Amino acid sequence: MITFFAIVIIIFIGILLLVFKKRNFKKLIYKSNLYSIKLNKKNKFSSNKNSFLYNQEEKKYSVFYKNSQRNKMFSLFKGDTENKLKALKIAEELADKSTLPILRKGLRDISPEVIEISALLIRKFK
């Protein structure tokens, strides 16, 4: 009698393990399918008018971070050459069309380093 219950319990545990493994396996497959769908959606929406990636990598920044960096970039560009180079680094990091006004100002600057970096960054928009 005890062996019968032991066999029934072992079979019940085996069935439970199979069911849970199948669920985990289905979740794993479902997550991989969602990941590929998300990639396709990202590629679909990556041609945003204000978004251009210099090195063709997708960088994820929040709107708040982008706005704060843009404001910092515009304020830095009013300073000396060193601050202008820092502003151009921020423009390279943001890599979107909102940086074009700063890059155009950089082309008209006195410093040859600022002009060179601005020209390189603007060239990547073509």
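If you take the residues in region 81-102 that are acidic (Asp, Glu) and within 22 Å of TYR61 (Cβ to Cβ), which one is surrounded by the most Cβ atoms within 10 Å (Cβ to Cβ)? Working first, answer last.
Narrowing region 81-102 to residues acidic (Asp, Glu): 82, 92-93, 96.
Narrowing the set further to residues that are within 22 Å of TYR61 (Cβ to Cβ) leaves 92-93, 96.
On the way: GLU92: 16, GLU93: 14, ASP96: 19.
Among those residues, the one meeting the criterion is ASP96.
For the condition at pLDDT below 90, out of contact with any Pro (no Cβ under 7 Å at 6 or more places or on another chain) and among the aliphatic types (A, V, I, L, M), what is the one hit in ALA119, ALA95, ALA91?
Details: ALA119 fails: at pLDDT below 90; ALA91 fails: at pLDDT below 90.
Testing whether each residue is at pLDDT below 90, out of contact with any Pro (no Cβ under 7 Å at 6 or more places or on another chain) and among the aliphatic types (A, V, I, L, M) leaves just ALA95.
Would you mention how many residues in region 104-120 are within 12 Å of ALA91 (Cβ to Cβ), free of Cβ contacts under 8 Å to residues at least 24 places away in the same chain and among the charged types (D, E, K, R)?
Residues flagged as within 12 Å of ALA91 (Cβ to Cβ), free of Cβ contacts under 8 Å to residues at least 24 places away in the same chain and among the charged types (D, E, K, R) within region 104-120 amount to 1.
From the list LYS105, LYS72, LYS126, LYS78, which residue is basic (Lys, Arg) and surrounded by 14 or more Cβ atoms within 10 Å (Cβ to Cβ)?
Details: LYS72 fails: surrounded by 14 or more Cβ atoms within 10 Å (Cβ to Cβ); LYS126 fails: surrounded by 14 or more Cβ atoms within 10 Å (Cβ to Cβ); LYS78 fails: surrounded by 14 or more Cβ atoms within 10 Å (Cβ to Cβ).
Residue meeting the stated conditions: LYS105.
The values are calculated or read from the model by the stated rules, or taken from the named source; none is laboratory data. Fair warning: this is a prediction, and the values are worked out from it, not measured in the lab. Counting neighbours? That spans all protein chains shown, and the Cβs are built from the backbone with ideal geometry, glycine included.
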